[in-house]
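See below for the structure under consideration.
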Amino acid sequence: MENRSLVTIAEHSREKILYMLEMAKEFEAHPNRHILDGKVVATLFFEPSTRTRLSFETAANRLGARVIGFSDPKATSSSKGETLKDTIKMVSNYADIIVMRHHLEGAARYASEVTTVPIVNAGDGANQHPSQTMLDLYSIYKTQVHSLLMAMRHFNPTFHFIAPDELRMPEEYKIYCREHNIKYVEHTDFTEEIIADADILYMTRVQRERFTDLMEYERVKNVYILRNKMLEHTRPNLRILHPLPRVNEIAYDVDDNPKAYYFQQAQNGLYAREAILCDVLGITLDEVKKSKGVIQ
Ligand code: CP
């Protein structure tokens, strides 16, 4: 049987991504539908989350599915020593989809290999977070392009990776860029000159939970802070994205700038995740378009 799990965005072709963006758009127009009536979605969060868990659960609820799961693994039998494999096999008896976040890289891939129930990777440590990528792409699509044809053209961007040496882009990703002719430039300074030509400024949090050496975290945690005055000479179409939560990296005076898009971006997560839940169950865009029975 075909495994329709979403473990990494790398498994999606450009065409499939565009198809998923179309589906998200359809859900944005009508977020409430009975298309998952009778289905059960399990959300297994071994690590903390606000947006990802709640937007997946909202997506399931808005589509008529029921939700089971946990947000604190200490309240489950994994605290008694139950293995991830056994947990996944158990939950597979109860649910039609398993959405899971785990601190171990590769945990979602492993889970997808021990069950036939589709696994949606809601973050596996510092590795992959494909539903975040999908909502990021949907946000870029909505704010920067107005047709799929133009979106195709915009799939050929130049990246400026801005990071201190300790957090520079890992070599494997730079190799990937070179192999796929993706243009990139690396910087250690975060300056107005670099962002002046940008269409998208994607800020991220320095993830304290990924550091084994907290002294190193202290050295880099506040190295870049975006302030409103830095946006004065940026392009009119610039949008500032951030997966959230933020800590200090975007000053609050940016929030009222029309170029700040991170809260709308999080809202787009609902529509992108509605599309993901349907897709992993094999529900097509045509079926979504035809779906009736809007939930009141
Ligand atoms: N962006 C993101 O994954 O947020 P949460 O950790 O709150 O789910």
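Checking Arg109, Arg178, Arg101 one by one, the residue that is within 16 Å of the ligand (Cβ to nearest atom) and either within 20 Å of Ser13 (Cα to Cα) or in a strand (DSSP E or B) (or both) is Arg101 and no other.
Hey, can you tell me all the residues within the stretch 22-63 that are within 16 Å of the ligand (Cβ to nearest atom) and of a type in the set (Gly, Ala, Ser)? Answer for the stretch 22-63, where residues must be within 16 Å of the ligand (Cβ to nearest atom) and of a type in the set (Gly, Ala, Ser): Ser49, Ser55, Ala59, Ala60.
Considering Phe159, Phe70, which residue is open to solvent by 30 Å² or more (accessible area, probe 1.4 Å) and either at pLDDT 95 or above or within 14 Å of the ligand (Cβ to nearest atom) (or both)?
Details: Phe159 fails: either at pLDDT 95 or above or within 14 Å of the ligand (Cβ to nearest atom) (or both).
Only one candidate passes the filter, namely Phe70.
Remark: pairs (first residue in the stretch 112-131, part of a loop (DSSP other than H, G, I, E, B); second residue within 13 Å of the ligand (Cβ to nearest atom); Cβ separation under 6 Å; 6+ apart in sequence or on different chains) = Gly125/His103; Ala126/Arg210; Gln128/Asn121; His129/Gly123.
Of all residues in the stretch 181-196, those that are within 28 Å of Ala260 (Cβ to Cβ), open to solvent by 60 Å² or more (accessible area, probe 1.4 Å) and assigned to a loop (DSSP other than H, G, I, E, B) total 2. Going residue by residue through the stretch 11-21, is there one that turns out to be touching a residue at least 40 places away in the same chain (Cβ under 8 Å), within 16 Å of the ligand (Cβ to nearest atom) and under 23 Å from Thr143 (Cβ atoms)? Scanning the stretch 11-21 turns up no residue that is touching a residue at least 40 places away in the same chain (Cβ under 8 Å), within 16 Å of the ligand (Cβ to nearest atom) and under 23 Å from Thr143 (Cβ atoms).
Of all residues in the stretch 224-258 being open to solvent by 50 Å² or more (accessible area, probe 1.4 Å) and in contact (Cβ under 8 Å) with a residue 60 or more places away in the chain, which is nearest to Gly123 (Cα to Cα)? Selected residue: Pro245. Screening Ala60, Ala29, Ala24 for residues that are more than 15 Å from the chain's Cα centre (by Cα), at pLDDT 95 or above, open to solvent by less than 40 Å² (accessible area, probe 1.4 Å) and not acidic (Asp, Glu) leaves exactly one candidate, Ala60. Of all residues in the stretch 42-58, those that are over 21 Å from Gln264 (Cα atoms) and in contact (Cβ under 8 Å) with a residue 40 or more places away in the chain have Cβ atoms under 9 Å from Cβ atoms of residues that are open to solvent by 40 Å² or more (accessible area, probe 1.4 Å) and within 8 Å of the ligand (Cβ to nearest atom), 6 or more apart or on another chain, in Thr43/Arg53; Phe45/Arg53.
Give me the helices (runs of 4 or more DSSP H) completely within the stretch 211-296, filtered to those with at least 2 residues that are within 30 Å of Ala29 (Cβ to Cβ) and within 16 Å of the ligand (Cβ to nearest atom), ordered by residue number.
Working: elements: 214-220, 262-280, 285-290.
It comes to 262-280.
Residue check: is Met169 in contact (Cβ under 8 Å) with a residue 12 or more places away in the chain, open to solvent by less than 30 Å² (accessible area, probe 1.4 Å) and in contact with a strand residue (DSSP E or B) (Cβ under 9 Å, 6 or more places away or on another chain)? Against the criterion (in contact (Cβ under 8 Å) with a residue 12 or more places away in the chain, open to solvent by less than 30 Å² (accessible area, probe 1.4 Å) and in contact with a strand residue (DSSP E or B) (Cβ under 9 Å, 6 or more places away or on another chain)), Met169 does not qualify.
Within the stretch 209-223, residues that are among the acidic types (Asp, Glu) sit with their Cβ atoms under 7 Å from residues that are in a helix (DSSP H, G or I), at 6+ positions apart or across chains, in these pairs: Glu216/Glu166. Going by the conditions given, is Phe27 in contact with a strand residue (DSSP E or B) (Cβ under 7 Å, 6 or more places away or on another chain), in contact (Cβ under 8 Å) with a residue 60 or more places away in the chain and of a type in the set (Phe, Trp, Tyr)? For Phe27, the condition - in contact with a strand residue (DSSP E or B) (Cβ under 7 Å, 6 or more places away or on another chain), in contact (Cβ under 8 Å) with a residue 60 or more places away in the chain and of a type in the set (Phe, Trp, Tyr) - is not met.
The values are calculated or read from the model by the stated rules, or taken from the named source; none is laboratory data. All of these numbers come straight from a predicted model, not from anything done at the bench. Cβ sites come from the backbone with ideal geometry, for glycine too, and all protein chains shown count toward neighbours. Note: areas computed on protein heavy atoms with side chains; ligands, DNA, RNA excluded. Shrake-Rupley method; radii C 1.70, N 1.55, O 1.52, S 1.80 Å.
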